[in-house]
Amino acid sequence: MAMVKCLVCGAVFEAGAEVCPVCGVGPEHFVAVEEEPARQRGTDRRFLVLGGGIAALSAAQAIRGQDESCSIVMLAAETIPPYARPMLTKGLSGSLEESRLLLHPESWYAEQRIHLLTGQEVTAIDTAAREVRCASGLTMTYDQLIYALGAQCFVPPIPGSTLPHVTAIRSLADARKVRQEAGHAQCAAVIGGGVLGLEAAWAMKQLGLRVTVLEVAPQLMGRQLDAGTSAMLAQRLAGLDMDVRLGASITEITPEAVRLADGAEIPADIVLVSAGVRANIAPAQAAGIQCGRAVLVDDHMRTSVPGIFACGDCAELNGVNMALWSEAQNQGRTAGVNAAGGDAVCPPENGALVLNALNTTLFAIGDCGKGALAYKVVTQPGKKPDSYARYWFSDGTLRGAILSGDLSSMARVTQLVQDGAEEQAVL
Ligand SMILES: Cc1cc2nc3c(=O)[nH]c(=O)nc-3n(C[C@H](O)[C@H](O)[C@H](O)COP(=O)(O)OP(=O)(O)OC[C@H]3O[C@@H](n4cnc5c(N)ncnc54)[C@H](O)[C@@H]3O)c2cc1C
């Protein structure tokens, strides 16, 4: 099967896609990826892959790439095959059709001899017996285990956060619930002004709702953007008649409103929470696998227990988990190759993010002044009105960049940041 890689976000997917399923850029940013030939035949090893996201899928695919005859079983709690999770907010104002979201049709799993068991929630791992148990009563044994249970949304324990009109979008079921509720709602409050919060807010606006974005920090997308770009974004929201409250401290959610500490009452018959994620580590912890905020892994995706690998949003490599698609995909592939006996090292993650909403486009990659370095910041006007490229250098080396309003140089900038280009090569 022909595969391509998106030069912007690093996602790898089947050739022929009209847009990247992760960052939404077009085919001019895709390059062909060569497939590795399968290495081993005639083994009867049993690989068990826990999870049904991109990390699990990439691991299963990599195992099959290494071993033509082994048994591969995936256990996934959701009832549909792996899909493009990033499209849940990007496509929220659209139809959320399953056929457009699936990464592979069901027939693909049969062709690859990957046994995908959906609707199976893993509850326990017995590392001594090499056995996994599910809530359904199903028990499976393994020779090598991939732990790829992802993450779930963090919902701050605000009074009222469990009310039925409060949703954090992680699954297709969540997105469909919000889509349905939006049909008879007038106003939405979005808690969290990060990239996913802004995508969801924009979708609500496009569906005709009055929208308020509530961000506890003093700026929008504070993890990626400098103060100037954030301020520009806040102005853009205001210009689109969307309310933005920065430094917002929420005291309560009621069925009709979100209350703030300053006494403000934000009307909301839908409340969307986008306040980060927490890794799904409970089964790993209970099994005695070492965890920090997520399952601890080395650069081969090995956990503290021999024969068990972890990858994706549930894994922590060198104290870091960016919870990004390309990171989960690369880690999944690395875990799969190594579980099958290969020797792969996980490539570094560039942290690239695209915001394609609010009638604008933004691209941020690398360290845009958030580290502890002494930075030199250079801004160059772009080709379109009000567009710009902003670069962060330290010691003459490019560390990060933001493109605002004109993403035509995204692929070049991605390469420059990845290469740690010298200042004169960039400007
Ligand atoms: C709305 C949204 C938009 C996003 N947009 C972007 C973006 O633009 N760019 C980007 O890089 N990243 C984006 N992300 C993040 C990206 O989707 C994740 O980093 C990626 O999906 C992580 O993949 P994963 O396989 O590690 O975990 P997940 O996608 O969380 O998959 C884990 C799977 O395991 C299943 N599972 C959990 N517990 C169990 C259990 N006990 N038993 C069995 N199965 C279980 C879950 O149901 C899930 O199917 C977005 C995420 C969301 C939610």
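Computed quantities for the displayed model
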read-out	value
Options 77, 62: the member that is within 29 Å of residue 288 (Cα to Cα) and either touching a Pro at 6+ places or on another chain (Cβ under 9 Å) or within 9 Å of the ligand (Cβ to nearest atom) (or both)	77
Lone unmet requirement of (1) touching a residue at least 60 places away in the same chain (Cβ under 8 Å); (2) farther than 30 Å from residue 306 by Cβ; (3) not β-branched (Val, Ile, Thr) for residue 339	(2)
Top-ranked residue of segment 13-27 - restricted to ones that are over 24 Å from residue 405 (Cα atoms) and in contact (Cβ under 8 Å) with a residue 60 or more places away in the chain, ranked as farthest from the ligand (Cβ to nearest atom)	14
Unique match (being farther than 30 Å from residue 66 by Cβ and part of a loop (DSSP other than H, G, I, E, B)) among 355, 362, 373	373
Among the residues listed as 176, 130, the single one being of a type outside the set (Val, Ile, Thr) and in contact with an Asp or Glu (Cβ under 9 Å, 6 or more places away or on another chain)	130
Matching residues, segment 118-140, being surrounded by fewer than 12 Cβ atoms within 10 Å (Cβ to Cβ) and either within 23 Å of residue 61 (Cα to Cα) or not hydrophobic (A, V, I, L, M, F, W, C) (or both)	137
Residue that is farthest from residue 183 (Cα to Cα), among those in segment 256-271 that are among the charged types (D, E, K, R) and loosely packed, with under 13 Cβ neighbours inside 10 Å	262
Lone qualifier among 324, 317 - being surrounded by 19 or more Cβ atoms within 10 Å (Cβ to Cβ) and over 29 Å from residue 45 (Cα atoms)	324
Count - residues of segment 112-139 that are within 12 Å of the ligand (Cβ to nearest atom) and either of a type in the set (A, V, I, L, M, F, W, C) or outside the structural domain of residue 53 (by TED's automatic domain parsing) (or both)	9
Contacts under 7 angstrom Cβ, first residue in segment 118-143 being of a type in the set (Phe, Trp, Tyr) and assigned to a loop (DSSP other than H, G, I, E, B), partner within 15 Å of the ligand (Cβ to nearest atom) and at pLDDT 95 or above, 6 or more apart	142/48; 142/132
Contacts under 7 angstrom Cβ, first residue in segment 259-279 being farther than 17 Å from residue 217 by Cβ, partner part of a loop (DSSP other than H, G, I, E, B) and away from the ligand (no atom under 16 Å from the Cβ), 6 or more apart	267/256; 269/165; 269/185; 269/186; 269/256; 270/165; 270/185; 271/165
Segments classed as strands (runs of 3 or more DSSP E), wholly inside segment 250-340, with at least 1 members that are closer than 29 Å to residue 68 by Cα and at pLDDT 95 or above	295-297, 308-310, 315-317
Selection count, segment 133-154, where residues are of a type in the set (Val, Ile, Thr) and under 25 Å from residue 323 (Cα atoms)	1
Residue within segment 190-202 that is over 19 Å from the mean Cα position of the chain (by Cα), crowded, with 17+ Cβ neighbours inside 10 Å and part of a loop (DSSP other than H, G, I, E, B) present	no
Boolean, residue 185 is surrounded by 18 or more Cβ atoms within 10 Å (Cβ to Cβ), touching a His at 6+ places or on another chain (Cβ under 9 Å) and hydrophobic (A, V, I, L, M, F, W, C)	yes
Strands (runs of 3 or more DSSP E) lying entirely in segment 1-54 (those with 1 or more residues that are of a type outside the set (Ser, Thr, Tyr), crowded, with 18+ Cβ neighbours inside 10 Å and not assigned by TED's automatic domain parsing to the domain that holds residue 308)	3-6, 12-14, 30-33
Test: residue in segment 150-169 that is within 23 Å of the chain's Cα centre (by Cα), within 11 Å of the ligand (Cβ to nearest atom), surrounded by fewer than 17 Cβ atoms within 10 Å (Cβ to Cβ) and not in a loop (DSSP other than H, G, I, E, B)	yes
Residue 277 closer than 30 Å to residue 365 by Cα and either in contact with a strand residue (DSSP E or B) (Cβ under 9 Å, 6 or more places away or on another chain) or charged (D, E, K, R) (or both)	yes
Set 95, 71: member being farther than 16 Å from residue 330 by Cα, in the same structural domain as residue 131 (by TED's automatic domain parsing), away from the ligand (no atom under 11 Å from the Cβ) and over 23 Å from the mean Cα position of the chain (by Cα)	71
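Listed here are the residues, each with its yes/no results for (1) more than 26 Å from residue 356 (Cα to Cα); (2) touching an Asp or Glu at 6+ places or on another chain (Cβ under 8 Å); (3) charged (D, E, K, R).
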{"site": "5", "(1), (2), (3)": "no, no, yes"}
{"site": "20", "(1), (2), (3)": "no, no, no"}
{"site": "44", "(1), (2), (3)": "yes, no, yes"}
{"site": "77", "(1), (2), (3)": "yes, yes, no"}
{"site": "92", "(1), (2), (3)": "no, yes, no"}
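Each row is one residue, and each column tells you yes or no for (1) away from the ligand (no atom under 14 Å from the Cβ); (2) aliphatic (A, V, I, L, M).
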position: 295; (1), (2): no, yes
position: 313; (1), (2): no, no
position: 321; (1), (2): no, no
position: 348; (1), (2): yes, no
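The values are calculated or read from the model by the stated rules, or taken from the named source; none is laboratory data. Keep in mind it's a predicted model, so treat the numbers as computed, not measured. Note: ideal-geometry Cβ built from the backbone for every residue, glycine included; neighbour counts use all protein chains shown.
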